[in-house]
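The values are calculated or read from the model by the stated rules, or taken from the named source; none is laboratory data. Predicted model, so just to flag it, every value in this text is computed and none were measured. FYI the Cβ positions are ideal-geometry reconstructions off the backbone, even for glycines, and counts take in every protein chain you see.
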2 protein chains.
Amino acid sequence: MKASQFLISTLKEAPADAEIVSHQLMTRAGMIKKLGAGVYTYMPMGLRVIRKVEAIVREEMNRAGAIEVTMPVVQPAELWQETGRFDKMGPELLRIQDRHGRDFIIQPTSEEVVTDIARQEFKSYKQLPKNLYQIQTKFRDERRPRFGLMRGREFIMKDAYSFDKDRDSAQISYQAMRAAYQRIFDRFGLQYRAVRADSGAIGGDLSEEFQVIAATGEDAIVYCPHSDYAANIEKAESLPPAGPRPAAREALEKIATPGNSTCQAVADQLGLPLSRTIKSLVLATDTSNEAGEVVKTQVWLLLLRGDHDMNEVKVGKVDGLANFRFASVAEIEEHFGCQPGYLGPLNLQKPVKLVVDREVAVMADWICGANEKDFHIRGVNFGRDLPEPELVADLRNVVAGDPSPDGQGVLAIERGIEIGHVFYLGTKYSEAMNATFLAENGKPTLFEMGCYGIGVTRLPAAAIEQNHDARGIIWPDAIAPFTLVICPIGMDRSELVRQETEKLYAELLVLGVDVILDDRGERPGAMFADWELIGVPHRVVLGDRGLKDGLVEYQHRRDAAATPLPLAEVVPQLRAKLGL
Amino acid sequence: MKASQFLISTLKEAPADAEIVSHQLMTRAGMIKKLGAGVYTYMPMGLRVIRKVEAIVREEMNRAGAIEVTMPVVQPAELWQETGRFDKMGPELLRIQDRHGRDFIIQPTSEEVVTDIARQEFKSYKQLPKNLYQIQTKFRDERRPRFGLMRGREFIMKDAYSFDKDRDSAQISYQAMRAAYQRIFDRFGLQYRAVRADSGAIGGDLSEEFQVIAATGEDAIVYCPHSDYAANIEKAESLPPAGPRPAAREALEKIATPGNSTCQAVADQLGLPLSRTIKSLVLATDTSNEAGEVVKTQVWLLLLRGDHDMNEVKVGKVDGLANFRFASVAEIEEHFGCQPGYLGPLNLQKPVKLVVDREVAVMADWICGANEKDFHIRGVNFGRDLPEPELVADLRNVVAGDPSPDGQGVLAIERGIEIGHVFYLGTKYSEAMNATFLAENGKPTLFEMGCYGIGVTRLPAAAIEQNHDARGIIWPDAIAPFTLVICPIGMDRSELVRQETEKLYAELLVLGVDVILDDRGERPGAMFADWELIGVPHRVVLGDRGLKDGLVEYQHRRDAAATPLPLAEVVPQLRAKLGL
């Protein structure tokens, strides 16, 4: 490709609404162009990256035996009504009516359509297992689309769906996809982790996320540096605390803590570590009648160590707390006789249901709110000042330094961007849609399903979050818009430069290198700045002075400076660098 | 590919709603699956065809210097309001509101978005010409979607848009696209014609359609077998009639034609050729005030020869008839004092505006309705029985046998399916959106635009309409789902068959042949029927008996019978047949 035949459009400034570096750099490098909130045109430079991502995904999906289909973007509501998702999904599901007033949706994923295909096509266990995938436009009407391709509304996703005759076979299909995902992410050339994840609203038993490691990631990833344990913080278990509870040593004492409404402030006032304080969180659960009216509300008090954070996924798994909400201030005052900031389990106005984190259950002499404004209590002990806790559970996020659940050391935490997800779905969808096949025993049997997603347009953004510097993007070779750029200096003035440039360009094309020749005639500074912003990993510069000494310059995007190369060495060296 | 790893799903019967052969065969061959009215899943077998079409289109677009982008499927209404198409387009434009109540549309084409890109990106004449294209999902909310992929609602289209600095340059861009289209359609291996077309609602001056020739086509294509003249019948001009009008010979005579309300019936009654009769068509045009109320209606009478059909495009170009409609029965009775079936230009109740086709203007002694039920008049002559016509125009469709407008012989008519269209748009969109660049003279100047479409998902349907027989589809090699199928007979029983099959399969894979090995273990009859239905062009059958004599069987899908080939000859012969 010659640059003059292509569309190169770089900007000095990022748009004001670009909050993260990938959004800024993709816009400045002319890879995407905003059309509306969360809706982008993939410009030629960006589309080349997306096409390379697609090609790798497609190759590995095919290699894993998955079969490509394309399901409609605009889907009739009927199937979505069968599973109930037409009503259950929030406004993220974009609903439309056609000219005849019939309901349609724009696909956010395609479980319903693919399950409908399976129940029509896969009549017998002999046709199983099967895995159908598509690489296709999706839409989610995010409330606050932002971060460019990271959280857009329209995006391209690879979604695959496996159909198996039983759970054992489904586990094999799941593992095959997991292995394919590892090959895919290895080929992208990114640092990533496969981490255990909560399966969330989509349901199912087993689920792992593929997270690209980046300091700016939305997700916290917990991992053990000495083993292969890795999990999303939502999912990561904390081990039960080691020893038994120490004996009580302090007497109960009410202390004035004027204005100190946080655990940290109280710990600072007392000169004690934050881990000696207790955090009181008040939740509520409602019971409704058939008309949907709330007929009963239960208020809950959760106790966590002051230096720990509540894990909503874990809390939601406590018996009775599946549909918890945070209690209102009125509910808190009714039960505690006090506003938030000074709450605790002692001296309640009305009984609440107490749930105690495992770490709290083994603490002695702790500090909590007194249920009186500007007062706390210290020296609190279970079994003495309040009953032994009945409900003890893992309620907290793990923290760096916690022991790894696999006993192989202590945990570390880093941030990541989710770009892939493998789910074992079980029969959630096949049951809702009565999707069956004839099993070996001749009986109609529900498909065991899995689903597997990769955010094709999100991936380039994640790659940039991981790989950039002050000058711009640094693409891994596999997904760079071009692998190599040839920058001739003064090609219009020097016949030598023109000849050697055209010769090198032709040789690289013959070798199948994805090369771009910058024949725009820009000044060297502007030309280099463009390609450093765009992030092409390999660059060869040809100038009159160097060529007269038989030299050109090679520089990898990560190199601090250029390396002179004898002209005769250029092609062999590039072949080595590019693995050709 | 091995068939056991793929999804082959053939049906004996076509669905009841499949009216045309391509819809029937694509459904029966398992290439598409209906999800809703005009909305189809592209199944694995069909998607392979679509991907091959896309690849050819992409290659030739790139070769022609066009640059690929991807514009959003869901587009904000604002740009569509700038050109007025948001309001002007009918219900084919699917309009949506997002969660915030903002208006969006699903792209039917992308003139607005691409013009918006151009006005931001192409600041100077130095950046021109440019041609941007995409291969992307489109949606048109057809009132009556039908015919499978031929007239679906969701479809894939390649749409390209050229931007030039002036008309001369735009003509070159247009011709470059036209040449690319010829290469594309040549590569598809289909019989087609590039025909002149009316540019219709999209506007602009110059426009050609690429029509795949098929007896079932919706469009009538007029062409000259002795020259390269070809046009859509909408556009094809009829030459002015040859000689002057003959002298009047008959006297005016009112004749009883009881129940004969058509020209054909009257001609039959009189034993005269249909071409002696005159067809009276009554149109009306309304004038509205600013409030949109009709303040005046003009009624028009068009006279055409009884054997000619009215051409609505040509009629619409007559001064004053741009927005014509057919007159109501009440309007007809008011002006003619008679119901339709016996109308004519004599004895009117109220004056009408008369427009006469050129052929009629040179007729003498013609027959028309008497404006009295069950009566016609014969021997009618201009200048004697009614005034010489003031308004004479080309109002009719050409018919086979008409002289070719280029004087190279007479015209023939065949039917075609439009799968490509090249338009010169001029400044229609750049003007509406004030899309300018700085010209050499330093002044902001409107882009000269062209647009160029190919119906990617329609093309396979058109190919089938042209290439099928009673047993199924006959794909051209270039777009077949597989180029060649290997059908082993009794592979599970004969080690010889198994060995030679695997060997041939491996050799063909190495040669890069897109081969499928049918290892499903079907009976030969069922297996052959499947592949004939699916339409794979080349087939090799390996059986135990033949192999013992060192023979396999080759059959092209168009061959009446198989040809025995010595085993050693198979690969060389296939290489020759496949051009490898």
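Below is a table of values for the structure above.
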| quantity | calculated |
| --- | --- |
| Residues of segment A:267-278 satisfying the condition of being part of a strand (DSSP E or B) and in contact with a Lys or Arg (Cβ under 7 Å, 6 or more places away or on another chain) | A:Ile278 |
| Matching residues in segment A:226-262 - criterion: being touching a helix residue (DSSP H, G or I) at 6+ places or on another chain (Cβ under 6 Å) and surrounded by 15 or more Cβ atoms within 10 Å (Cβ to Cβ) | A:Glu234, A:Pro241, A:Thr257, A:Asn260 |
| Residue list for segment B:487-509, filter: basic (Lys, Arg) and either surrounded by 13 or more Cβ atoms within 10 Å (Cβ to Cβ) or within 43 Å of the chain's Cα centre (by Cα) (or both) | B:Arg498, B:Lys503 |
| Selection count where residues are among the hydrophobic types (A, V, I, L, M, F, W, C) and free of Cβ contacts under 8 Å to residues at least 12 places away in the same chain, scope segment B:310-321 | 0 |
| Residue within segment B:65-73 that is in contact with a helix residue (DSSP H, G or I) (Cβ under 9 Å, 6 or more places away or on another chain), farther than 23 Å from A:Gly36 by Cα and crowded, with 21+ Cβ neighbours inside 10 Å present | yes |
| Selection from segment A:1-27 of residues that are touching a Leu at 6+ places or on another chain (Cβ under 8 Å) and either closer than 28 Å to B:Arg51 by Cα or buried (at least 21 other Cβ atoms within 10 Å of the Cβ) (or both) | A:Met1, A:Lys2, A:Ala3, A:Leu7, A:Ser22, A:His23, A:Leu25, A:Met26, A:Thr27 |
| Answer from A:Thr27, A:Thr41 - the residue that is closer than 26 Å to A:Ile417 by Cα and facing chain B (nearest Cβ under 9 Å) | A:Thr41 |
| Given (1) facing chain B (nearest Cβ under 7 Å); (2) over 16 Å from B:Tyr42 (Cα atoms); (3) in contact (Cβ under 8 Å) with a residue 12 or more places away in the chain, index of the condition A:Arg95 fails | (1) |
| Residues that are without any contact (Cβ under 8 Å) to a residue 40 or more places away in the chain and of a type outside the set (D, E, K, R), drawn from segment B:111-124 | B:Gln120 |
| Selected residue (criterion: farthest from the other protein chains (Cβ to nearest Cβ)) from residues of segment A:1-24 that are closer than 24 Å to A:Phe185 by Cα and either part of a loop (DSSP other than H, G, I, E, B) or among the β-branched types (Val, Ile, Thr) (or both) | A:Val21 |
| A:Leu35 being crowded, with 23+ Cβ neighbours inside 10 Å, assigned to a strand (DSSP E or B) and facing chain B (nearest Cβ under 9 Å) | no |
| Residue match in segment B:505-528 (condition: without any contact (Cβ under 8 Å) to a residue 12 or more places away in the chain and touching a helix residue (DSSP H, G or I) at 6+ places or on another chain (Cβ under 9 Å)) | yes |
| Cβ-Cβ under 7 Å pairs, at least 6 apart or on other chains, segment A:268-284 side under 11 Å from A:Gly369 (Cβ atoms), far side among the acidic types (Asp, Glu) and not in a strand (DSSP E or B) | none |
| Residue within segment B:333-344 that is without any contact (Cβ under 8 Å) to a residue 12 or more places away in the chain and assigned to a loop (DSSP other than H, G, I, E, B) present | no |
| Single match in A:Gly84, A:Gly65 (criterion: out of contact with any Lys or Arg (no Cβ under 8 Å at 6 or more places or on another chain), in contact (Cβ under 8 Å) with a residue 40 or more places away in the chain and away from chain B (no Cβ under 12 Å)) | A:Gly84 |
| Filtered residue count, segment A:523-563, keeping only those that are in a loop (DSSP other than H, G, I, E, B) and surrounded by fewer than 16 Cβ atoms within 10 Å (Cβ to Cβ) | 7 |
| Subset tally (residues that are more than 8 Å from every other protein chain (Cβ to nearest Cβ) and touching a Pro at 6+ places or on another chain (Cβ under 7 Å)) for segment B:130-154 | 5 |
| Residue in segment B:504-520 that is among the hydroxyl-bearing types (Ser, Thr, Tyr) and in the same structural domain as B:Ala435 (by TED's automatic domain parsing) present | no |
| Check on B:Ala480, more than 29 Å from the chain's Cα centre (by Cα) and under 30 Å from B:Arg153 (Cβ atoms) | no |
| Those residues of segment A:114-129 which are crowded, with 23+ Cβ neighbours inside 10 Å and at the interface with another protein chain (Cβ under 8 Å from one of its Cβ atoms), in sequence order | A:Ile117 |
| Matching helices (runs of 4 or more DSSP H) fully within segment A:43-153 where at least 3 residues are within 23 Å of the chain's Cα centre (by Cα) | A:44-63 |
| Output for segment B:154-198, where each listed residue is more than 19 Å from the chain's Cα centre (by Cα) and part of a strand (DSSP E or B) | B:Tyr161, B:Ser162, B:Phe163, B:Asp164 |
| Sole residue being under 28 Å from the mean Cα position of the chain (by Cα) and assigned by TED's automatic domain parsing to the domain that holds A:Ile56, chosen from A:Leu411, A:Leu459 | A:Leu459 |
| Tally, over segment A:246-292, of residues that are within 38 Å of the chain's Cα centre (by Cα) and of a type in the set (Lys, Arg) | 2 |
| Tally of residues being touching a strand residue (DSSP E or B) at 6+ places or on another chain (Cβ under 7 Å) and part of a strand (DSSP E or B) across segment A:445-476 | 10 |
| Residue within segment B:103-110 that is facing chain A (nearest Cβ under 10 Å), of a type in the set (S, T, N, Q) and in contact (Cβ under 8 Å) with a residue 40 or more places away in the chain present | yes |
| Matching strands (runs of 3 or more DSSP E) fully within segment A:362-444 where at least 2 residues are within 26 Å of A:Tyr229 (Cβ to Cβ) | A:391-393, A:412-426 |
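Residue-by-condition table, conditions (1) within 18 Å of B:Pro129 (Cβ to Cβ); (2) surrounded by 20 or more Cβ atoms within 10 Å (Cβ to Cβ); (3) modelled with pLDDT of 95 or more:
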| position | (1), (2), (3) |
| --- | --- |
| B:Glu390 | no, no, no |
| B:Asp402 | no, yes, no |
| B:Gln408 | no, no, no |
| B:Ile413 | no, no, no |
| B:Gly426 | yes, yes, no |
| B:Ser430 | yes, yes, yes |
| B:Leu438 | yes, no, yes |
| B:Phe447 | yes, yes, yes |
